[in-house]
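The values are calculated or read from the model by the stated rules, or taken from the named source; none is laboratory data. Here the structure is a predicted model, which is why all the values come from computation and not from measurement. Cβ coordinates were reconstructed from backbone atoms using ideal geometry, including for glycine residues, and neighbour counts include every protein chain displayed.
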Amino acid sequence: MKQCILILGACGQIGTELTQKLRSMYGNHAVIASDIREPISGCSSLAPFEILDASNKEAILKVVQKYQITQVYLLAAMLSVTAEKYPAEAWRLNMDSILAVLDLAKEQHIQKIFWPSSIAVFGPSTPKIKTSQKTIMEPSTVYGISKLSGEFWCNYYHEQYGVDVRSLRYPGIISWKTKPGGGTTDYAVDIFFKALKEGKYECFLAKDTRLPMMYMEDAVQATIALMQADRNRIKIRSSYNLAAIDFTPEEISEEIKKHLPDFEMSYHPDFRQKIADSWPQSIEDAEARKDWGWQHEFNLETMTRDMIHQLQKK
Ligand code: AKB
């Protein structure tokens, strides 16, 4: 059957790049971009584009029927920092959107769903090093609670109704095309922009705060590999652990200094430190590697080189 994909949250950090990649694979008209508001650059660059509230099931259904959508990538979400500021709104957006899309699949309007979870599902009581797929999970942030609840719902809809939902626990994602917004790991993107523009960066996390991270190219590749894998290879229907690299603010600043020797880094930890301290430092992702062949490509050195190269060209 011909596939037609709807991306909810197509103007965000991951949505922008997934939309481009999927369009290069399936053609522009087989990938419908949507977001709550028009992209800053105007809709024409993202056409076909629909303004769509990811928490409005009826509105999504109309678009699904209009384009005969078969797959939905639900990327709209409120991230960890913003969710702490607006807990009720975060809960509403993060939960209503996944339940709307799961319901549409249950009612057989769509065949396959991708939904991102996060390392935020883990909490202060979780073992921090090489955190395994199944471990203590007591998230302490609104965002983490919503992601862990979403994971349970995904698994439930798969078990009860056979919904083909697939999910990854993304670490912090580093990219140059579109900046993230409202996350705790955002420093690892901002640092590159500031290093090139101002030659210095004040980090909101302490210098030894180690967090799991990944370059966008790897994140996009993992997402597409998971969605293309045979249904019977997907053994985990809550969400897969996914790992590539982990580093501290000090380590990434040292790596940047290899390219920009005058770069200056300072540290001024704020309320975001507590969120970072509640998350794992590194992730064990053996299941993803075994079940559907996940392999990452970029390490700290190659990612830093590529980020600086791409931003300098930009
Ligand atoms: C955040 O920092 O909130 C996100 C995440 C790790 O899910 N990047």
Are any residues in the range 30-64 of a type in the set (S, T, N, Q) and surrounded by 17 or more Cβ atoms within 10 Å (Cβ to Cβ), and if so, which ones? Ser34, Ser55
Of all residues in the range 249-274 being part of a loop (DSSP other than H, G, I, E, B) and in contact with a Gly (Cβ under 9 Å, 6 or more places away or on another chain), which is nearest to Lys207 (Cα to Cα)? Phe263
With respect to Ile40, determine if the residue is aliphatic (A, V, I, L, M), in contact (Cβ under 8 Å) with a residue 40 or more places away in the chain and under 27 Å from Trp176 (Cβ atoms). no
Only one of Ala100, Ala90 is of a type in the set (A, V, I, L, M) and more than 16 Å from the ligand (Cβ to nearest atom), namely Ala100
Sort out which residues of the range 162-182 are assigned to a loop (DSSP other than H, G, I, E, B) and either surrounded by fewer than 24 Cβ atoms within 10 Å (Cβ to Cβ) or of a type in the set (Ser, Thr, Tyr) (or both), and write them in order of number. Gly162, Ser175, Trp176, Lys177, Thr178, Lys179, Pro180, Gly181, Gly182
Does any residue of the range 10-24 turn out to be within 18 Å of the chain's Cα centre (by Cα), assigned to a strand (DSSP E or B) and within 15 Å of Val63 (Cβ to Cβ)? no
Given the structure, is Met227 at pLDDT 95 or above, away from the ligand (no atom under 16 Å from the Cβ), within 19 Å of Trp292 (Cβ to Cβ) and not basic (Lys, Arg)? yes
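Conditions tested, residue by residue: (1) surrounded by 17 or more Cβ atoms within 10 Å (Cβ to Cβ); (2) assigned by TED's automatic domain parsing to the domain that holds Gln133; (3) out of contact with any Phe, Trp or Tyr (no Cβ under 8 Å at 6 or more places or on another chain).
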residue: Val220; (1), (2), (3): yes, yes, yes
residue: His268; (1), (2), (3): no, no, no
residue: Gln281; (1), (2), (3): yes, no, yes
residue: Gly293; (1), (2), (3): no, no, yes
residue: Phe298; (1), (2), (3): yes, no, no
Here is a list of conditions, (1) within 15 Å of the ligand (Cβ to nearest atom); (2) surrounded by fewer than 15 Cβ atoms within 10 Å (Cβ to Cβ), and Thr141 meets all of them except one; can you say which number that is? (2)
Residue check: is Thr178 at pLDDT below 95 and either within 11 Å of the ligand (Cβ to nearest atom) or within 25 Å of Asn299 (Cβ to Cβ) (or both)? yes
Within the range 60-82, how many residues are in a loop (DSSP other than H, G, I, E, B) and within 14 Å of the ligand (Cβ to nearest atom)? 5
Which is more than 21 Å from Pro280 (Cβ to Cβ), among the charged types (D, E, K, R) and not in a strand (DSSP E or B), of Glu202, Glu159, Glu138, Glu151? Glu159
